[in-house]
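K.L.:
First, the structure itself, so that you have it in front of you.
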């Protein structure tokens, strides 16, 4: 839990730092910064292993005393589990393939609860909920949620609450789209993409692809931090109030 608390503290620090920054260079709804008043550096210790388990570790999530790693180009399995303190290998799951219980293209993984993991298959447009109760050698599938609404982009997603997820809005009409997991209906539409020209207004879906984001939610799920895939724009949203800050 120490690592998780550090991540939450860092997220809060960055949010407050950005909000406290001031700049006179405001362009079309977002703030442009040339430099920040304070900079910090992050350091980590590398772990060397002789096990050739992963080919392209892309995401890592902490859940209890375990670490879940998404291997973007996994040869046999997309997800690998390690013990947090020793980084000892535990198991792998999410077998690559086209079968009904296999994964075509894993895109994300989240810790939904202490025993439940959510994974995303972008090609199949599915969110899978896994049970990883203590004592299980491998997680078992609880259910698969088919995302039929084409307005929802599976480039990334974030957990909004115990019953809802947030996706990028692929239609370009809004920035984010909150969906109820139980009935797959829209709960909330959040923010918008700033359109800088009349030409862009006629092709919002194309513009939304250029603005494809990575997302993270605060521990109480009220704040959403969104960053474009190439890092050009960082946005902070409050689900109740909408946009708080947009930084370029």
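The values are calculated or read from the model by the stated rules, or taken from the named source; none is laboratory data. Quantities reported herein were computed from a predicted structural model and do not represent experimental measurements. Virtual Cβ from ideal backbone geometry, glycine too; neighbours counted across all protein chains shown.
Here is a yes/no grid of residues against (1) within 17 Å of the chain's Cα centre (by Cα); (2) not in a loop (DSSP other than H, G, I, E, B):
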site: 58; (1), (2): yes, yes
site: 79; (1), (2): yes, yes
site: 85; (1), (2): no, no
site: 91; (1), (2): no, yes
site: 95; (1), (2): no, yes
site: 114; (1), (2): no, no
site: 128; (1), (2): yes, yes
site: 142; (1), (2): no, yes
site: 156; (1), (2): yes, no
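K.L.:
So residue 24 passes all but one of these: (1) at pLDDT below 60; (2) surrounded by fewer than 14 Cβ atoms within 10 Å (Cβ to Cβ); (3) closer than 25 Å to residue 229 by Cα. Which condition number does it fail?
P.N.:
Of (1) at pLDDT below 60; (2) surrounded by fewer than 14 Cβ atoms within 10 Å (Cβ to Cβ); (3) closer than 25 Å to residue 229 by Cα, only one is false for residue 24: (3).
K.L.:
Cβ-Cβ under 7 Å, sequence separation 6+ or interchain: first residue in region 52-70 and assigned by TED's automatic domain parsing to the domain that holds residue 96 and touching a residue at least 12 places away in the same chain (Cβ under 8 Å), partner in a loop (DSSP other than H, G, I, E, B) and surrounded by fewer than 16 Cβ atoms within 10 Å (Cβ to Cβ). Which pairs?
P.N.:
55/73; 55/75; 56/72; 56/73; 58/72; 63/114; 64/114
Yes/no matrix, rows are residues, columns are (1) modelled with pLDDT of 90 or more; (2) farther than 27 Å from residue 161 by Cβ; (3) touching a strand residue (DSSP E or B) at 6+ places or on another chain (Cβ under 7 Å):
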| position | (1), (2), (3) |
| --- | --- |
| 54 | no, yes, yes |
| 59 | yes, no, yes |
| 74 | no, yes, yes |
| 81 | yes, no, yes |
| 119 | yes, no, yes |
| 128 | yes, no, yes |
| 133 | no, no, no |
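K.L.:
Which numbered condition in (1) under 28 Å from residue 128 (Cβ atoms); (2) in contact with a strand residue (DSSP E or B) (Cβ under 6 Å, 6 or more places away or on another chain); (3) at pLDDT 85 or above is the only one that residue 236 fails?
P.N.:
(1)
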